[in-house]
Every structure is written in structure tokens, then in C-alpha cells.
Amino acid sequence: MTHFAVIAPPYYSHFQALQALAVELIERGHRITFFHQSDAAHWLNDPRVAFRSVGAGSHPPGSLERTLRQAARPDTPWGLRRIIKQMAGTTAMLCSELPGALADNQVDALLCDQMEPAGGLVAEGLGLPFVSVACALPVNREPGLPLPVMPFAYATDERSQHMYRGSSQVYDWLMKPLGTVINDAARRLNIAPRTALHDCLSPLAQISQTLPGFDFPRSQLPDTFHAVGPLRSPATTRQGEWPIDKQRPFFFASLGTLQGDRLGLFERIARACRRLDGQLLIAHCGKLDAAQERRLIDCGATWVTDFAPQQWALEQADAVITHGGLNTVMDAIAARTPMLVMPIAFDQPGVAARVAYRGVGSQLSRRASASRIEAALRALLTQPLAGFDGLIAELQQAGGVPRAADIVEAAVLPFTTERAEGL
């Protein structure tokens with residue numbers, strides 16, 4: 001048995017993907033503990049997955065909600081800078097707290113989300129094996145490709161290449177607060193200097209939810225990189241309670257767990273669907289109150305709820321309007337549901353660009369008018385999309401959680417077995 005620590009950024013979608021992998025490893029006889037600030041524990045809903053809180057001094061109980069509210073509003077340069085400083089503060093806390101916490105809990109190996117560099121830094125410093133997991137678009141850099149947070153389409157002409165290089169320089173400048181924390185932690189842990197997320201990835205194995213056929217064309221990923229598709233718990237069939245009329249278009253709109261309070265955007269989506277005589281189900285993830293729900297009904301939504309069974313809703317929908325979270329997009333591909341992506345933050349612009357490039361949907365600015373949303377949805381209803389067949393075939397072969405667990409065991413167990421035999 002190996003005791004794995006899981007280190008991830010404090011976001012629901014990341015915890016859910018990693019919990020699915022954790023449960024598979026538990027069922028194979030391993031032990032799993034997530035380490036983070038105490039507020040993040042409520043995202044874990046399987047009692048077999050352990051949680052240990054760290055950083056009570058700098059990240060006390062009750063502080064995460066404010067962090068998430070700010071993370072949901074990167075609308076200005078100051079807002080973006082604030083989010084980066086928050087990321088740096090969390091990484092600094094984890095780099096300080098994890099060495100002692102991992103030793104106290106006798107951790108043998110780590111599963112490290114690519115978006116939280118502390119896991120890889122501390123694992124390397126302690127000489128522990130670790131596997132990197134890309135729950136969002138992979139941060140692995142490659143010449144000739146835009147960074148995953150950038151909204152650029154794929155192109156090989158010199159103008160586009162110049163734009164990719166320039167935007168990478170701007171990104172690195174913006175991320176300096178995190179880069180400083182990474183470099184300081186590397187120095188304290190007595191490991192090689194580094195300053196960026198892509199410098200903190202595992203040499204043993206890297207696992208990605210992003211299908212190769214969905215990403216932009218890549219040629220320089222390491223041999224240890226494995227695309228396994230969505231990391232999901234075994235499907236439980238949940239049916240929605242909404243009586244959908246099969247004779248009219250049905251649209252599903254969700255902006256994820258962070259962005260569900262964007263009432264103005266939901267209003268424009270509702271007006272657009274009304275003009276199409278469409279049925280619209282909005283899931284706001286608990287971010288709107290009853291009065292706001294009624295307002296959306298008045299604007300044209302048919303049903304408004306906090307949460308809906310997402311896979312069911314996607315399978316029923318003629319199109320989904322989404323912020324471009326990778327989990328939602330992968331689920332929409334599995335359901336063969338055309339997407340209108342209106343990205344807001346993080347890697348969502350990059351996801352939107354890939355949706356359009358791979359022919360499984362279109363993208364619009366989150367500030368688009370109801371008329372433009374209507375036109376985009378009308379096009380999705382009437383124009384065939386050619387990209388689904390290849391992606392679905394690839395998805396069926398990717399392996400998902402079982403393959404990810406195989407990769408983790410193959411990468412880590414030789415080291416943990418050798419260590420156990422030497423004790």
C-alpha cells in the first residue's frame with residue numbers, strides 16, 4: 001500500500017477530478033490524503049478520502065470564500081493581478097507547511113495538479129516520487145503554440161508566431177509574484193532554480209484530461225505525458241425533472257461553480273433563446289437567489305436551478321452555452337453536444353479556441369449581445385459540425401480513471417517499494 005498526498009489549487013472542478021482518481025487508487029488498496037486549507041475539505045464527498053488541513057495561520061477557516069469571489073472577477077488588470085498574488089500566497093503557504101505535514105502523515109508519494117507548483121517543488125525537495133496531473137489545459141510549453149490561457153487561434157504564420165511569443169512574455173511578467181515564490185521555495189528546498197508552473201512537472205509521469213485530438217497540434221510532449229481523457233467517478237444515471245418538448249430546441253447554460261452569479265450574461269442568453277423559440281435550462285450552481293431566478297424566467301429562460309445533472313442535460317441539449325471549463329467541454333464532447341463557449345478566465349479562452357479549431361462549436365465574447373448569441377446558436381442548430389466523430393473515438397480509447405491509476409502505479413510503485421524494502 002502507498003500513501004499518496006494530493007496537492008491541488010482550491011477549486012471544485014480540480015478537486016472533483018482528482019477525487020475520482022483518488023477513489024480508484026483507494027479501491028486498489030492505496031491510501032489517499034488531500035492537503036489544503038481547511039475550507040477546501042467540503043469539496044470531498046467520499047469518506048474514504050482523507051483530508052488534512054494546513055496553513056491555519058495564513059489561510060484560516062472562512063477565508064476561502066473571499067478568495068473564490070475574487071477569483072471569479074478577473075475583469076480588470078488589477079483583478080487579474082490580485083488573483084495571481086492569491087495564487088502565490090497559497091503556493092508559499094503550501095511550500096512552507098507541506099514538508100512537515102507530509103512527514104507527520106508518513107506520505108510516500110504525491111499526486112500534484114499542474115496548476116499548484118507546491119506539490120512538485122516539495123516532492124522533489126523531499127526526494128518523494130510524484131505524478132503531475134493536468135486537470136485544466138496542460139501547461140507544458142511548446143514553441144509555436146500559444147499558452148493555454150491565451151485566446152489565440154492556431155496558426156503557423158510569422159505574425160501569429162510573433163503574437164504567441166509576445167503574449168508569453170507578457171504572461172511571464174504578470175506571473176512574477178508566483179515566479180518569485182517558486183524560486184524562493186526551490187532555494188529553501190535545495191533544488192534547482194525555477195520560476196514557472198511548467199518547471200515543476202514530474203519527470204516520472206504526467207497525466208492529462210485533454211485529448212490530443214482536442215488540443216492544438218503538439219510534437220514535443222515528453223514520453224512520460226499521457227492523455228487519458230476525463231477523470232470522472234463511475235457514472236450514476238441521474239435524470240432531470242424538466243419536461244423537455246422534443247419538438248423545440250433545448251439549450252443548457254452553465255457557467256461553472258465560480259461564475260454562476262453573472263446575471264447579466266444569463267439574461268442575454270435567455271433573451272437569445274426566447275428569440276429562437278427555444279427551451280432553456282440555466283444551472284447557476286447556487287450563485288443566484290430566488291428573485292434573480294424569476295428575473296431570468298422573465299427574460300426567456302424556461303427553467304432555472306442551482307444544479308442540474310450535467311451529463312443528462314448535455315445529452316438532451318441541442319447546444320450548450322458554457323464558460324469553457326475543460327470538464328464541461330469534455331463532457332459535451334462525450335455527449336456530442338455542440339458548444340457555444342463564452343470564456344471568462346483562466347484557461348477558458350484557450351479552451352474556446354480549441355473548440356472552434358476542432359469543429360465542435362463556436363466562441364463568442366462574454367460581452368456579446370443577445371442578437372449575436374442568437375445568431376451563434378442558430379448556426380449551431382443548422383450547420384453540421386465535423387469534429388465530434390474523431391474525438392469521440394479517441395475518448396473511447398483514452399482510458400479515463402483506470403488508465404490514469406495504472407500510470408500512477410507504474411510510475412510510483414517501484415520507488416515506494418524500494419523505499420519500503422530499505423527500511
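With the checklist (1) within 30 Å of THR156 (Cβ to Cβ); (2) touching a strand residue (DSSP E or B) at 6+ places or on another chain (Cβ under 8 Å); (3) of a type in the set (Gly, Ala, Ser) in hand, flag the one item GLY229 doesn't pass.
Of everything listed in (1) within 30 Å of THR156 (Cβ to Cβ); (2) touching a strand residue (DSSP E or B) at 6+ places or on another chain (Cβ under 8 Å); (3) of a type in the set (Gly, Ala, Ser), GLY229 misses just condition (2).
Given PRO143, PRO129, PRO148, PRO117, which one is in contact with a helix residue (DSSP H, G or I) (Cβ under 9 Å, 6 or more places away or on another chain) and surrounded by fewer than 18 Cβ atoms within 10 Å (Cβ to Cβ)?
Going through PRO143, PRO129, PRO148, PRO117 in turn, just one is in contact with a helix residue (DSSP H, G or I) (Cβ under 9 Å, 6 or more places away or on another chain) and surrounded by fewer than 18 Cβ atoms within 10 Å (Cβ to Cβ): PRO143.
Restricting region 94-114 to residues that are in a loop (DSSP other than H, G, I, E, B) and in contact with a Ser or Thr (Cβ under 9 Å, 6 or more places away or on another chain), which is surrounded by the fewest Cβ atoms within 10 Å (Cβ to Cβ)?
So the residue we want is ASN105.
Any idea which of (1) among the β-branched types (Val, Ile, Thr); (2) under 24 Å from PRO146 (Cα atoms); (3) touching a His at 6+ places or on another chain (Cβ under 9 Å) is the one VAL360 doesn't satisfy?
So the condition that VAL360 fails would be (3).
So that you can scan it fast, the table gives a plain yes or no per residue for (1) touching a Leu at 6+ places or on another chain (Cβ under 6 Å); (2) more than 16 Å from ASP347 (Cβ to Cβ); (3) modelled with pLDDT under 95; (4) not hydrophobic (A, V, I, L, M, F, W, C):
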| residue | (1), (2), (3), (4) |
| --- | --- |
| PRO177 | no, yes, no, yes |
| VAL181 | no, yes, no, no |
| ASN190 | no, yes, no, yes |
| ARG194 | no, yes, no, yes |
| HIS198 | no, no, no, yes |
| PRO212 | no, yes, no, yes |
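Output the residues belonging to region 280-309 that are more than 21 Å from THR257 (Cβ to Cβ) and assigned to a loop (DSSP other than H, G, I, E, B).
Matches in region 280-309: GLY300, THR302.
Can you tell me how many residues in region 53-69 are over 23 Å from the mean Cα position of the chain (by Cα) and hydroxyl-bearing (Ser, Thr, Tyr)?
The number of residues fulfilling the criteria is 1.
Return the residue satisfying two criteria in turn: it lies in region 153-171 and is not acidic (Asp, Glu) and not in a helix (DSSP H, G or I), and of such residues it is farthest from the chain's Cα centre (by Cα).
THR156
Can you find a residue in region 157-171 that is of a type outside the set (A, V, I, L, M, F, W, C) and either on the phi > 0 side of the Ramachandran plot or not assigned by TED's automatic domain parsing to the domain that holds SER132 (or both)?
no
From GLN239, GLN220, grab the single residue that is outside the structural domain of ALA313 (by TED's automatic domain parsing), assigned to a loop (DSSP other than H, G, I, E, B) and more than 26 Å from ALA398 (Cβ to Cβ).
The match here is GLN239.
For region 45-65, which positions are closer than 23 Å to CYS285 by Cβ and touching a strand residue (DSSP E or B) at 6+ places or on another chain (Cβ under 6 Å)?
VAL49, PHE51
Of the residues that make up region 163-181, is at least one closer than 30 Å to GLU24 by Cα and either out of contact with any His (no Cβ under 7 Å at 6 or more places or on another chain) or charged (D, E, K, R) (or both)?
No, region 163-181 has no match at all.
Please state which of the following conditions GLU24 fails to meet, knowing it meets all the rest: (1) at pLDDT 95 or above; (2) of a type in the set (Asp, Glu); (3) not in a helix (DSSP H, G or I).
(3)
Yes/no matrix, rows are residues, columns are (1) more than 13 Å from ASP113 (Cα to Cα); (2) touching a Leu at 6+ places or on another chain (Cβ under 9 Å); (3) assigned by TED's automatic domain parsing to the domain that holds LEU110; (4) crowded, with 23+ Cβ neighbours inside 10 Å:
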{"position": "PHE15", "(1), (2), (3), (4)": "no, yes, yes, yes"}
{"position": "LEU18", "(1), (2), (3), (4)": "no, yes, yes, yes"}
{"position": "ALA22", "(1), (2), (3), (4)": "no, yes, yes, yes"}
{"position": "HIS30", "(1), (2), (3), (4)": "yes, no, yes, no"}
{"position": "ALA40", "(1), (2), (3), (4)": "yes, yes, yes, no"}
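Just to be sure, is THR67 at pLDDT 95 or above, closer than 30 Å to HIS323 by Cβ, assigned by TED's automatic domain parsing to the domain that holds PHE15 and surrounded by 17 or more Cβ atoms within 10 Å (Cβ to Cβ)?
Values: at pLDDT 95 or above: no; closer than 30 Å to HIS323 by Cβ: yes; assigned by TED's automatic domain parsing to the domain that holds PHE15: yes; surrounded by 17 or more Cβ atoms within 10 Å (Cβ to Cβ): yes.
In short, no.
For region 373-398, name all the residues that are in contact with a helix residue (DSSP H, G or I) (Cβ under 8 Å, 6 or more places away or on another chain) and either on the phi > 0 side of the Ramachandran plot or surrounded by fewer than 19 Cβ atoms within 10 Å (Cβ to Cβ) (or both).
Listed by number, the list holds a single entry, ILE392.
Are there any pairs, at least 6 apart or on different chains, whose C-beta atoms fall under 6 Å, with the first in region 270-296 and over 13 Å from PHE251 (Cα atoms) and the second part of a helix (DSSP H, G or I), and if so, which?
Filtered contacts from region 270-296: CYS285/THR257; GLN292/LEU263; LEU296/PHE266; LEU296/ALA270.
The values are calculated or read from the model by the stated rules, or taken from the named source; none is laboratory data. This is a predicted model, so every value here is computed, not measured. Please note: Cβ atoms are built from the backbone with ideal geometry, for glycine as well, and neighbour counts cover all protein chains shown.
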